[in-house]
Amino acid sequence: QVQLVESGGGLVQAGGSLRLSCAASGSILASNVMGWYRQAPGKQRELVAWISTYPSTNYADSVKGRFTISRDNTKNTVYLQMNSLKSEDTAVYYCNVLTRGLNYWGQGTQVTVSS
């Protein structure tokens, strides 16, 4: 089993910044992929960014140049630095870990951007 604990969400004005953190514990292989997804009201959950152990990264077009994903392998922790936030970034953000062929999800953290 893998447990994910997220932190860092909140309310911010448009143009502001937030940093999300997600600490993973449990049965995690050294080689894994960690990422962030988000789900806005009435919309499907979508990928925001992911990062592998090596690391390689991938971003949704909507966040490229504004968000940065990083990780600390010694702590099994993934971060999402979100800059230049827009109202359309408002959503519940979920941490995800892919390890041993299985996906694990965090409980979600609310990010609200006021315009």
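Structure data summary
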{"read-out": "Rg followed by Dmax, in Å, when the stretch 58-114 is reduced to its Cα trace", "value": "12.7, 39"}
{"read-out": "Rounded accessible area per residue of the chain, 1.4 Å, Å²", "value": "52"}
{"read-out": "Relative contact order [Cα under 8 Å, 6+ residues apart], the stretch 50-102, whole percent", "value": "23"}
{"read-out": "5 angstrom amide H check on L85, placed H, neighbours 5+ away", "value": "G15, G16"}
{"read-out": "Using θ = phi - 60° and Karplus 6.51 cos²θ - 1.76 cosθ + 1.60, couplings along the stretch 108-115 (whole Hz; Gly, Pro as x)", "value": "x, 9, 7, 10, 10, 10, 8, 9"}
{"read-out": "From phi via Karplus (6.51, -1.76, 1.60), per-residue ³J(HN,Hα) for the stretch 17-31 in Hz, x at Gly/Pro", "value": "10, 9, 10, 9, 10, 9, 9, 9, 9, x, 8, 10, 6, 4, 9"}
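The values are calculated or read from the model by the stated rules, or taken from the named source; none is laboratory data. All of these numbers come straight from a predicted model, not from anything done at the bench. In case anyone asks, the SASA skips ligands and DNA or RNA and just uses the protein heavy atoms, side chains included. Shrake-Rupley method; radii C 1.70, N 1.55, O 1.52, S 1.80 Å.
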